[in-house]
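Trainee: One structure coming up, written as structure tokens, with questions to follow.
The values are calculated or read from the model by the stated rules, or taken from the named source; none is laboratory data. None of these values were measured; they are calculated from a predicted model. Because the Cβ atoms are built from the backbone with ideal geometry, glycine has one as well, and the counts that use them run over all protein chains shown. Protein only, heavy atoms only, side chains kept; ligands, DNA and RNA dropped before computing areas. Shrake-Rupley method; radii C 1.70, N 1.55, O 1.52, S 1.80 Å.
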Amino acid sequence: MNKKPRVVVGLSGGVDSSVAAYLLLEQGYEVIGMFMKNWHDESVTISNECPWMEDSTDAMLVAEKLGIPFQAIDLSEEYRERIVDYMFAEYEAGRTPNPDILCNREIKFDIFLKAAQKLKADFVATGHYCQKGSVEVDGKPVYQLLAGADPNKDQSYFLCQLSQEQLAKALFPIGHLQKSEVRAIAKNLDLITAEKKDSQGLCFIGKVRLPEFLQQQLKPKKGKIIQIPDNLAVFNRLKIPAGVTLEDLDTDELDALALPVHYQANQGKVLGEHNGAHYFTVGQRKGLQVGGTGKPLFVIATDTKENNIYTGLGDDHPGLLRNALFVKEKDIHWIREDLVLTPGQSAKYQARIRYRQPLTEATLIRREKGLYVIFDQAQKGIASGQFVAWYNADECIGSGTIF
């Protein structure tokens, strides 16, 4: 008699993972539910609420209803080391990390996957809105990370750092469904999570107010808010002569187009004070607490060494716009290893720098020191530390950390 393939589902206590577990049962898998407890450090207060306890209970009740084994696993130490410490270090350096992408790469599809394999699991599954495909290259299967069928919920961006090894073991049971269909299935089954709101905040931590969270470790430090006039803002757009292609540009020209702009305090006027440049990110509007400027004020650059924030008036300020970005060689990641660009090569893809952002046509140019991503249309608020992901239609091909 054939043994059923065994899959461990990351039951988060939400509706998506609940329905994922049910669908796997329907497909004939042997299903085990596992709740990941990622945070219980009282020294860093997150909020007065304790959402993980409620989530853990809901996950257990779903497992009970579906008649599947359930266990909780404490990954808080690994989460602190790999996600929280990384976040603090990145913000302190004036960069903008994406903990959700890191959580998928480092926690759910690494530590959690290894825990599942100890239970002799063939696969792990999550409630992500994305899909998995495969193509054959040189006689071997190559796995594809595809967008979810619901365009409003597509979460492929959050999984853009997964490897072939991780994708081989991953299942995304709800990726072909719309959110409304997932809720309808949960309601039909009378699951406790059917009407539960989607969780907000950091991956698996719950409700987090980021400035308060950062202030636990990064101490306030008074600095200047400086307004840069439009005519002094550097809009990284290289004037490319007729007949010259992007691929013809030398490294200095590409750097001029793609590297972050650095301003000096004497280039603008002081509008007020802030409590620490490391609390702010490029493109941010809230939290500046400067009035009387007419148009809204946006952060266009931060300097954590000098502790200055540089701002511009209005969301069309040229300092907010960049046509290109750079990814260091060590930070380039290809999901499709068969499509890797080598130095001197280029390719056309679509790219995004944040979740739910529409994909934009872009040219990828690979040079010795890294990868240049040059957008057909200027992008707002490109911040160091964010992830850029590139796609071919609905397939995520690779990603990288923005320098």
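Trainee: Counting just the residues of the range 11-47 that are under 24 Å from M87 (Cα atoms), open to solvent by less than 20 Å² (accessible area, probe 1.4 Å) and not in a loop (DSSP other than H, G, I, E, B), which one comes out modelled with the highest pLDDT?
Mentor: Looking at the filtered set, the residue picked out is F35.
Trainee: Further question: Does Y157 fit the bill of being closer than 18 Å to S12 by Cα, open to solvent by less than 20 Å² (accessible area, probe 1.4 Å) and among the aromatic types (F, W, Y)? Full working, then the answer.
Mentor: Values: closer than 18 Å to S12 by Cα: no; open to solvent by less than 20 Å² (accessible area, probe 1.4 Å): yes; among the aromatic types (F, W, Y): yes.
No: the conditions fail for Y157.
Trainee: Quick one: is G400 at pLDDT below 95 and either closer than 28 Å to K286 by Cα or in a strand (DSSP E or B) (or both)?
Mentor: Considered against the rule, which asks whether it is at pLDDT below 95 and either closer than 28 Å to K286 by Cα or in a strand (DSSP E or B) (or both), G400 comes out as no.
Trainee: Is it fair to say Q216 is modelled with pLDDT under 75 and among the polar types (S, T, N, Q)? Talk me through it step by step, then tell me what you get.
Mentor: Numbers: modelled with pLDDT under 75: no; among the polar types (S, T, N, Q): yes.
The answer is no for Q216.
Trainee: Hey, another quick one. In the range 267-281, which residue that is touching a Pro at 6+ places or on another chain (Cβ under 8 Å) and either at positive phi or not in a helix (DSSP H, G or I) (or both) is least open to solvent (accessible area, probe 1.4 Å)?
Mentor: Going through the qualifying residues, I end up with G276.
Trainee: In the range 331-350, how many residues are more than 22 Å from Q166 (Cα to Cα), hydrophobic (A, V, I, L, M, F, W, C) and buried (at least 18 other Cβ atoms within 10 Å of the Cβ)?
Mentor: Total satisfying the criteria: 0.
Trainee: Out of all the residues in the range 247-266, which are part of a helix (DSSP H, G or I), over 12 Å from R367 (Cβ atoms) and either touching a residue at least 60 places away in the same chain (Cβ under 8 Å) or in contact with a helix residue (DSSP H, G or I) (Cβ under 6 Å, 6 or more places away or on another chain) (or both)?
Mentor: Result: L257, single match.
Trainee: So how many residues does the range 254-279 have that are under 17 Å from G381 (Cβ atoms) and among the polar types (S, T, N, Q)?
Mentor: Summing the residues that are under 17 Å from G381 (Cβ atoms) and among the polar types (S, T, N, Q) in the range 254-279 gives 0.
Trainee: Out of curiosity, is Q379 closer than 25 Å to D255 by Cβ, within 22 Å of the chain's Cα centre (by Cα), surrounded by 21 or more Cβ atoms within 10 Å (Cβ to Cβ) and touching a residue at least 40 places away in the same chain (Cβ under 8 Å)?
Mentor: So Q379 fits the description; yes.
Trainee: What residue, of K286, K224, is more than 30 Å from S346 (Cβ to Cβ) and either open to solvent by less than 80 Å² (accessible area, probe 1.4 Å) or not in a loop (DSSP other than H, G, I, E, B) (or both)?
Mentor: None of the other options fit; the residue is K224.
Trainee: Right, another one. Please go through the range 313-330 and pick out each residue that is under 26 Å from D100 (Cβ atoms) and open to solvent by less than 40 Å² (accessible area, probe 1.4 Å).
Mentor: The answer is L320, L321, R322, A324, L325, F326, V327.
Trainee: Right, next: Identify, by number, the condition in (1) under 30 Å from V15 (Cα atoms); (2) modelled with pLDDT under 90; (3) open to solvent by less than 60 Å² (accessible area, probe 1.4 Å); (4) out of contact with any Cys (no Cβ under 9 Å at 6 or more places or on another chain) that L238 doesn't meet.
Mentor: In the conditions (1) under 30 Å from V15 (Cα atoms); (2) modelled with pLDDT under 90; (3) open to solvent by less than 60 Å² (accessible area, probe 1.4 Å); (4) out of contact with any Cys (no Cβ under 9 Å at 6 or more places or on another chain), L238 misses (1) alone.
Trainee: Now a separate question. Residue by residue through the range 289-303, note down the ones that are open to solvent by 40 Å² or more (accessible area, probe 1.4 Å) and of a type in the set (G, A, S).
Mentor: G291, G292, G294
Trainee: What are the pairs with Cβ atoms under 8 angstrom where one residue, in the range 99-115, is farther than 22 Å from F213 by Cα and the other, located anywhere, is modelled with pLDDT of 95 or more and charged (D, E, K, R)? Sequence gap at least six, or different chains.
Mentor: The qualifying pairs are F109/K169; L113/K169.
Trainee: What single numbered condition from (1) part of a strand (DSSP E or B); (2) free of Cβ contacts under 8 Å to residues at least 40 places away in the same chain; (3) more than 24 Å from A256 (Cβ to Cβ) fails to hold for K295?
Mentor: Among (1) part of a strand (DSSP E or B); (2) free of Cβ contacts under 8 Å to residues at least 40 places away in the same chain; (3) more than 24 Å from A256 (Cβ to Cβ), K295 violates only (1).
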